[in-house]
Structures are given as structure tokens and as C-alpha cells.
Amino acid sequence: MKFDNSIVQTTFQSPLGKMIIAATDKGLAGLWFEGQRHLPKELTGSVVWPTQADHPVLQQTIQQLTDYFAGQRTSFDVPLDLSYGTAFQQSVWQALLAIAQGDTASYSEVSNRIGKPAAVRAVGAAVGRNPVSIIVPCHRVLGANGSLTGYAGGLDRKTALLKLEGALA
């Protein structure tokens with residue numbers, strides 16, 4: 001994924017660790033746990049997005065995340081800017097948005113939902129590259145046998161998120 005220079009960022013201290021939040025004027029473009037896999041090069045190299053903590057989308061995201069972690073929010077309505085993914089990735093991310101809190105889906109179910117039943121591995125790759133953790137709920141995707149598989153933020157966080165949402169006992 002290649003992000004442009006119009007992005008601004010801030011950080012949020014979640015109960016599961018520090019998060020980096022990035023936005024454009026169109027909406028939320030990124031939400032990552034610090035140090036997770038697949039961070040954009042702009043967060044790991046010498047070029048860093050400017051910090052703008054008062055950006056309205058960043059402020060709205062922080063408030064909604066705070067409510068979510070307090071158990072007071074079951075869905076998000078912050079505007080999203082997912083334009084940095086390919087058309088295929090965007091279709092997968094849109095399918096993830098349809099998985100309600102408390103529910104889960106397998107990678108093959110997501111493949112079927114986007115009309116590409118043979119693309120299970122490609123769906124898995126797109127899920128793994130989801131730039132907006134939690135809000136685009138990639139943590140709700142499980143292996144075919146219901147196993148907790150891959151999560152860029154770590155399986156301990158995936159487990160914690162699913163427990164918070166009531167999808168795991």
C-alpha cells in the first residue's frame with residue numbers, strides 16, 4: 001500500500017497497547033497497534049506523517065475507541081478512507097464491515113461473500129493487510145475450523161477483542 005502525503009496522525013493508548021491513528025480529509029485511513037506486522041513504511045522509515053491530534057476524524061476515532069473499549073459501543077460510524085488498497089482489498093475490507101460485533105466468519109465465508117470462492121488465500125492476505133484494525137473488524141475472521149489464526153496485532157490481542165465483543169467465552 002502506498003499512502004500519500006496528505007495523511008496526518010496521532011496516537012491512542014488502548015487497553016491492548018499504543019495505537020497509531022491516521023486520517024485524510026476523507027476519513028480514517030489507518031489504525032494500527034504500535035509494532036504490529038504490516039505497518040506502512042511511513043511509520044517505520046525516515047518519512048513520518050505529521051502529527052495533528054486535533055484533526056476531527058482523529059478525535060472522533062479516539063472517542064469511539066474509548067467507548068468501544070469501555071463496552072459502550074458495538075459499532076463505529078467514523079468515516080473511512082480505504083482508497084489506498086487495491087479494488088480486491090477494498091472489496092474484502094467492505095465484507096469485513098458486514099461482520100457484526102459478537103459474530104465471526106471464516107476466510108472461506110468472506111471469499112464467498114465477495115463472489116470469489118476460490119480466492120481464500122488472497123482474501124487472507126487482504127485481511128492481513130487491513131489498514132484499519134478494530135473498526136474494519138479483521139479480528140472477527142477465523143480459520144475454517146474456528147481456530148484463531150493470524151492477526152497482524154498478535155493473537156493475544158485478537159483473543160482479547162473477541163472476548164470484549166462476546167464472540168469468545
Please verify whether the stretch 83-90 includes one or more residues that are hydrophobic (A, V, I, L, M, F, W, C) and either in contact (Cβ under 8 Å) with a residue 40 or more places away in the chain or surrounded by 17 or more Cβ atoms within 10 Å (Cβ to Cβ) (or both). no
Being at pLDDT 95 or above and either part of a loop (DSSP other than H, G, I, E, B) or touching a helix residue (DSSP H, G or I) at 6+ places or on another chain (Cβ under 6 Å) (or both) is true for just one of 47, 78. Which residue is that? 78
Select, from 78, 57, 120, the only residue that is in contact with a Phe, Trp or Tyr (Cβ under 9 Å, 6 or more places away or on another chain), touching a residue at least 12 places away in the same chain (Cβ under 8 Å), farther than 20 Å from residue 168 by Cβ and not hydroxyl-bearing (Ser, Thr, Tyr). 120
Quickly run through the stretch 6-47 and pick out the residues that are in contact (Cβ under 8 Å) with a residue 12 or more places away in the chain, out of contact with any Gly (no Cβ under 8 Å at 6 or more places or on another chain) and over 30 Å from residue 163 (Cβ atoms). 6, 8, 24, 25, 26, 42
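Residues checked against (1) closer than 30 Å to residue 42 by Cα; (2) part of a helix (DSSP H, G or I); (3) open to solvent by less than 40 Å² (accessible area, probe 1.4 Å); (4) touching a residue at least 24 places away in the same chain (Cβ under 8 Å):
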site: 127; (1), (2), (3), (4): yes, yes, yes, yes
site: 144; (1), (2), (3), (4): no, no, no, yes
site: 157; (1), (2), (3), (4): yes, yes, no, yes
site: 163; (1), (2), (3), (4): no, yes, no, no
Got a sec? Which of 25, 67, 54 is assigned to a helix (DSSP H, G or I) and exposed (fewer than 15 other Cβ atoms within 10 Å of the Cβ)? 67
For the stretch 114-121, does any single residue satisfy the condition of being within 16 Å of the chain's Cα centre (by Cα), open to solvent by less than 60 Å² (accessible area, probe 1.4 Å), over 23 Å from residue 22 (Cα atoms) and modelled with pLDDT of 95 or more? no
Look through 13, 101 and report the one residue that is open to solvent by less than 70 Å² (accessible area, probe 1.4 Å) and out of contact with any Leu (no Cβ under 7 Å at 6 or more places or on another chain). 101
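The values are calculated or read from the model by the stated rules, or taken from the named source; none is laboratory data. As the structure is a computational prediction, the values presented were derived from the model and not from experiment. When we count neighbours, we look across all protein chains shown, and the Cβ atoms used for this are built from the backbone with ideal geometry, even at glycine. Accessible surface is based on the protein model in full, side chains and every heavy atom, while ligands, DNA and RNA are left aside. Shrake-Rupley method; radii C 1.70, N 1.55, O 1.52, S 1.80 Å.
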